[in-house]
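These notes concern the structure reproduced below.
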Amino acid sequence: MVRSMYSKRKLSWSLMLLVTLMMLLGACANNDDQADPGTGAATSDESQTGNTDAGGPAEGTSAGTDAEAGNAAEEADESADPSSETAAELDTPVTIPTLKGEITLEQVPERIVVLDVQYADQMLALGERPAGSVIAGTDGGLPPYLGDQMDDIPLLGTYVEPNLEGVLAASPDLILATEFHEDIYEDLLKIAPTLMLERNEDWQTVLAKMGQILNKQQEAQDWIAAYDQKISTLKASLAEKMSGQIVALVRPRDGLIRLQTTSHRTSQILYDDLGLTPPEMAVNDADTSTMISLEVLPELEAEHMFLLQDDTNAALTQELQNTSIWENLKAVQANHVYEQNTAQWVGYYGPIAIDLIVDQIAEALE
């Protein structure tokens, strides 16, 4: 929530205190023509909290009336302390840097709409669910690796074309978007405060921000610490076995082969986190991939190859695998070609997805 919500809560506390004082004055007057203060207290409490429970002491019972009024006064005194409720929701106001400047939150948003599936992954990792999400692709679905965790969550169009009417209907108090939503940013602001984050920002940095937003900073740090430990253990396990052996990450596409370079986010798990050796041709600080032909593939000299494929490139992959060039590759000869799902490896970048990729690397190489 933004800062204005604090003043609304302060007004609510004042009203509750005023109602309680009126109840106590009415009880002291003991005027039979006046409505029973115990009943009035229940009615006032329902109007403030939405509680429709009809239970409580019977009307006309003085002890019950006094006890109820006393309890109400005690509750009002407790709620009059804004620091106690604020601490229960958000320890301190947090300021989140975004591509549109800083946004300060004073409360934990209750309904967050995400316009990129990676943010749904981030929320789920911290034990929360979005109030609405765009789909993962054009096929109308969500990432299979999330299982049923996204069941019953409203789907709000695609990442490229979010459904603004659906976003509005989800009644968000916070929207998470990326620079790809620049054209609709002003429209989103009319619905709710919008955090525009960099789509390719490191997942650990985003998770730390998500921890701030959800008041789950420790949970976010625990996730990152667990990932670091898993990487450290796997790196040590692979160090001797994979020493000096070249590992390539390729994806047949458009009649050629896309070689993911060291700048690619998934490649960074292989080369930066795990310390594996990339093909010389894949060392690139500027571009995340380069296109090569089948004839160039042997020049990679890769002893291990992660092959990304799905329904979109299945036919091309099969065509390449039927050639003599492919059959004579070092990785193919050693039976070190590991087929992985394209979307899983290059489409999803939340902590749950990244953790799964590490597990798949371990299964392939160990």
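The values are calculated or read from the model by the stated rules, or taken from the named source; none is laboratory data. Since the model is a prediction, treat every value here as computed from it, not as a measurement. Because the Cβ atoms are built from the backbone with ideal geometry, glycine has one as well, and the counts that use them run over all protein chains shown.
What do you reckon, is ALA76 surrounded by fewer than 17 Cβ atoms within 10 Å (Cβ to Cβ) and either modelled with pLDDT of 95 or more or over 17 Å from the mean Cα position of the chain (by Cα) (or both)?
Answer is no for this residue.
With in contact with a Leu (Cβ under 6 Å, 6 or more places away or on another chain) and at pLDDT 95 or above as the only criterion, which of GLN333, GLN340 stands out?
After ruling out the rest, the residue left standing is GLN340.
Can you tell me which condition ARG111 does not meet? The list is (1) modelled with pLDDT under 95; (2) exposed (fewer than 15 other Cβ atoms within 10 Å of the Cβ), and all the others hold.
For ARG111, the failing item is (1).
Within 15 Å of LYS330 (Cβ to Cβ) and free of Cβ contacts under 8 Å to residues at least 24 places away in the same chain: which single residue out of GLU240, GLU280 fits that description?
Exactly one residue qualifies, and that residue is GLU280.
Do you know which of the residues in region 282-298 that are modelled with pLDDT of 95 or more and among the aliphatic types (A, V, I, L, M) is surrounded by the most Cβ atoms within 10 Å (Cβ to Cβ)?
ALA282
For region 243-276, give me each residue that is assigned to a strand (DSSP E or B), touching a residue at least 40 places away in the same chain (Cβ under 8 Å) and either under 14 Å from ASP355 (Cβ atoms) or not basic (Lys, Arg) (or both).
Within region 243-276, ILE246, VAL247, ALA248, LEU249, VAL250, PRO252, ILE257, LEU259, GLN260 qualify.
Step by step: first the residues of region 186-201, then only those that are in contact (Cβ under 8 Å) with a residue 12 or more places away in the chain and of a type in the set (D, E, K, R), then the one that is surrounded by the fewest Cβ atoms within 10 Å (Cβ to Cβ). Which residue is that?
That would be GLU198.
Just to check your reading of the model, which residue among MET291, MET305 is over 29 Å from ALA239 (Cβ atoms) and either among the aliphatic types (A, V, I, L, M) or under 35 Å from the mean Cα position of the chain (by Cα) (or both)?
Answer to the selection: MET291.
State which residue is farthest from ILE191 (Cα to Cα) when the search covers only region 127-158 and only residues that are in contact with a Gly (Cβ under 8 Å, 6 or more places away or on another chain) and surrounded by fewer than 22 Cβ atoms within 10 Å (Cβ to Cβ).
Looking at residues that are in contact with a Gly (Cβ under 8 Å, 6 or more places away or on another chain) and surrounded by fewer than 22 Cβ atoms within 10 Å (Cβ to Cβ), I get GLY137.
Take the residues in region 139-198 that are among the polar types (S, T, N, Q) and part of a loop (DSSP other than H, G, I, E, B); name whichever of them is nearest to THR95 (Cα to Cα).
The selected residue is SER171.
Scan region 337-356 for residues that are in a helix (DSSP H, G or I) and within 23 Å of LEU197 (Cα to Cα) and jot them down.
The answer is ALA343, GLN344, TRP345, VAL346, PRO351, ILE352, ALA353, ILE354, ASP355.
Got a sec? Which of ILE153, ILE135 is in contact with a Lys or Arg (Cβ under 8 Å, 6 or more places away or on another chain) and more than 9 Å from VAL113 (Cα to Cα)?
Result of the check over ILE153, ILE135: ILE153.
What number of residues in region 312-331 are out of contact with any strand residue (DSSP E or B) (no Cβ under 8 Å at 6 or more places or on another chain) and part of a helix (DSSP H, G or I)?
Summing the residues that are out of contact with any strand residue (DSSP E or B) (no Cβ under 8 Å at 6 or more places or on another chain) and part of a helix (DSSP H, G or I) in region 312-331 gives 10.
Name the one entry in ASP222, ASP228 that is among the acidic types (Asp, Glu), within 27 Å of PRO278 (Cβ to Cβ), assigned to a helix (DSSP H, G or I) and free of Cβ contacts under 8 Å to residues at least 60 places away in the same chain.
Within the list ASP222, ASP228, the selection yields ASP228.
What do you reckon, is VAL358 modelled with pLDDT of 95 or more, β-branched (Val, Ile, Thr) and more than 34 Å from the chain's Cα centre (by Cα)?
no
With respect to the numbered conditions (1) touching a residue at least 40 places away in the same chain (Cβ under 8 Å); (2) under 29 Å from GLY147 (Cβ atoms); (3) surrounded by 17 or more Cβ atoms within 10 Å (Cβ to Cβ), which one is the sole condition not fulfilled by ALA331?
(2)
Scan region 119-152 residue by residue and report those that are modelled with pLDDT of 95 or more and in contact with a strand residue (DSSP E or B) (Cβ under 6 Å, 6 or more places away or on another chain).
Residues satisfying the conditions are TYR119, ALA120, PRO130, ALA131, GLY132, SER133, VAL134.
Please enumerate the residues belonging to region 222-245 that are surrounded by 12 or more Cβ atoms within 10 Å (Cβ to Cβ) and of a type in the set (Gly, Ala, Ser).
ALA226, SER232, SER237, ALA239
So GLN218 fits all but one of (1) out of contact with any strand residue (DSSP E or B) (no Cβ under 6 Å at 6 or more places or on another chain); (2) modelled with pLDDT of 95 or more; (3) over 29 Å from PRO130 (Cβ atoms); what number is the exception?
For GLN218, the exception is condition (3).
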